[in-house]
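The values are calculated or read from the model by the stated rules, or taken from the named source; none is laboratory data. Bear in mind the structure is a predicted one, so any value in this text is a computation, not a measurement. Positions of Cβ are generated from backbone atoms using ideal geometry, with glycine treated the same way; all protein chains shown enter the neighbour counts. All accessible areas refer to the heavy atoms of the entire protein, side chains included, with ligands and DNA or RNA removed. Shrake-Rupley method; radii C 1.70, N 1.55, O 1.52, S 1.80 Å.
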Amino acid sequence: MQLKFQGAAGEVTGSQVIVDVSTRRQHRRFLVDCGMFQGGRDADAKNLSPFGTAPKSIEFVVLTHAHIDHSGLLPRLCAQGFTGPIYCTAGTLDLLEVLLADSAHIQEFERRRAEDRLAAGRWRGDLPEPLYNLEDVGRCISQCRPIGFHRPTELTPGIRLSFVDAGHILGSASALLEIEEDQKEHAKPVTRRLVFSGDVGTRDRPIMNDPQRLQQADILVMESTYGDRRHRSLKETEDELVGIITHTMKSGGNVVMPAFAVGRTQEVVAILIDLIKRKRLPHLSIFVDSPMAAAASRITEAHMATLDPLSRELYAWAKANPNAVSLRYLTKVEESKGLNQIRGGAIILSASGMCEAGRIVHHLFWNLPSPQSAIVITGFQAAGTRGRALVDGARAVKLLGREVPVKAAVHTLGGLSAHGDQQDLLWWCGDFERPPAQVFVTHGEENAAATFAQCLKEKLGWEDVHLAERGKVYHC
Ligand SMILES: [Zn+2]
């Protein structure tokens, strides 16, 4: 078996692994995830570079979850000749339609904006090249084949796939591939288990179930986003959030929360409802200003039966008590612009989560210069993004072509991550009956990946642990 890591090696975006195996005397090639690179100077160039193998040569794709850094290059793969099935869960498929369409819109928008600027003599250098369009997205979606959790499915003779709940976002899965691998000459085939953790969630959090663990793996590809960190507990995070909101509401400012439309927004809403229900916060006016977050919330509610039972109750309570929570989903541009007039008293959740694009840019533009307002960062901010600059204490950021001073208080709520911390990841790895023969640590910036690899060796006694390198072929 051969694994080639095309991304998420020493960084957290661009997840994609090319797997080559020989089973039933046939060579098979498939991909696990096909994510976009996001943030950082060379992301565009990496996204535009040719795939690590001819798309036509790929038989199928296994998709662990819908986040763009795992799925965002799929339409490009299909446009360049991949015609096979894309296996994912039903929840992932529902979210994928929304996320990929949004991704195509953003690319188209950025291209048009650059063309306008070029016409006005305000653009230097190459114009951004869209990676795909809506038509490509439609074709890609039509190639998706949903598979339920815990339903071992034969993808091709000799390769079986099972998904288990990774507890990260709706539909997120860890993938177990059981591969009947040919041996030399006349020896009998040996079944080996290739496991991809996907992104692993946290335990005891709203909306999502706890991640499920696997007991057997011969080869493990393991994420390490927060492999070097501990999150605060949910209780501490709630206390902090109550403190920030109470203080900001008293000072007459707004609380602006850049939040990933999928997952984080629904989680924050659930936490706010819970805090109001427990009377730790007063009545709040919450605006979810993102058409995608609104769509993701609808999809989440449609899948509620499969999600965390406590959150189900909270959402039901909020619906039954409209006087306690004013929760509005804004989809129209005029409604969004209306928020810019509100100087205080609003909780605004908007995307994108790393402050790079979308309506959040406008809310930051209006609220960052206000010392009364608070910006609450609720998710991981990749190096090179505007959100990271805010977390790192930038005194000004460029927004809508202007230098905007950072006068608002910027808070980071680390405890709300959809990614497990070091403890969660070690817990997830701790249920294997035997150490996997080979482990590849991926999806972490260099320090996180290296620290977590060391942890696996020291705490679990695992021996063969590699830091996955981009473009390198590993023989397993
Ligand atoms: Zn993810």
- Query: Applying the selection to segment 153-205, what residues are closer than 15 Å to Thr89 by Cα, of a type in the set (A, V, I, L, M) and in contact with a helix residue (DSSP H, G or I) (Cβ under 8 Å, 6 or more places away or on another chain)?
  - Reply: Ile169, Leu170, Ala173
- Determine whether Leu177 is touching a Leu at 6+ places or on another chain (Cβ under 7 Å) and open to solvent by 10 Å² or more (accessible area, probe 1.4 Å). no
- Message: Go through (1) crowded, with 22+ Cβ neighbours inside 10 Å; (2) in contact with a strand residue (DSSP E or B) (Cβ under 7 Å, 6 or more places away or on another chain); (3) under 24 Å from Asp204 (Cα atoms) for His411 and report which single condition fails.
- Response: (1)
- Message: Among the residues of segment 409-417, are any among the small types (Gly, Ala, Ser), in contact (Cβ under 8 Å) with a residue 60 or more places away in the chain and assigned to a helix (DSSP H, G or I)?
- Response: yes
- Restricting attention to segment 87-136, the residues that are within 30 Å of Ser162 (Cβ to Cβ) and touching a Phe, Trp or Tyr at 6+ places or on another chain (Cβ under 7 Å) number exactly 2
- Name every residue in segment 211-252 that is surrounded by fewer than 19 Cβ atoms within 10 Å (Cβ to Cβ) and hydroxyl-bearing (Ser, Thr, Tyr), in order of residue number. Ser233, Thr246, Ser251
- Here are some residues: Leu134, Leu170, Leu96. Which one is at negative phi and either surrounded by fewer than 17 Cβ atoms within 10 Å (Cβ to Cβ) or not assigned by TED's automatic domain parsing to the domain that holds Val190 (or both)? Leu134
- Can you find a residue in segment 384-402 that is part of a loop (DSSP other than H, G, I, E, B), within 16 Å of the ligand (Cβ to nearest atom) and crowded, with 19+ Cβ neighbours inside 10 Å? yes
- Item | Test: Pro282 is outside any helix (DSSP H, G or I) and not assigned by TED's automatic domain parsing to the domain that holds Gln438 | yes
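Identify, please: which residue in segment 79-90 is in contact with a Gly (Cβ under 9 Å, 6 or more places away or on another chain) and of a type in the set (A, V, I, L, M, F, W, C) and is, among those, surrounded by the most Cβ atoms within 10 Å (Cβ to Cβ)?
Filtering first and then ranking leaves Cys88.
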- Of everything in segment 185-210 that's more than 30 Å from Pro309 (Cβ to Cβ) and touching a residue at least 40 places away in the same chain (Cβ under 8 Å), which residue is most open to solvent (accessible area, probe 1.4 Å)? Pro189
- Of all residues in segment 420-468, which are under 20 Å from Met1 (Cβ atoms) and open to solvent by 40 Å² or more (accessible area, probe 1.4 Å)? Arg434, Pro435, Ala437, Glu463, Asp464, His466, Leu467
- Task: Give the residues of segment 310-334 that are open to solvent by less than 70 Å² (accessible area, probe 1.4 Å) and in a helix (DSSP H, G or I), sorted by residue number.
- Result: Ser311, Leu314, Tyr315, Ala316, Trp317, Ala318
- Message: Looking at Glu129 and the list (1) within 30 Å of Arg113 (Cβ to Cβ); (2) within 16 Å of the ligand (Cβ to nearest atom), which single condition is not satisfied?
- Response: (2)
- Task: Those residues that are within 16 Å of the ligand (Cβ to nearest atom) and of a type in the set (Asp, Glu), I need them from segment 149-198; list them, please.
- Result: Asp165
- Task: Could you list all residues from segment 63-77 that are open to solvent by less than 10 Å² (accessible area, probe 1.4 Å) and away from the ligand (no atom under 15 Å from the Cβ)?
- Result: Pro75, Leu77
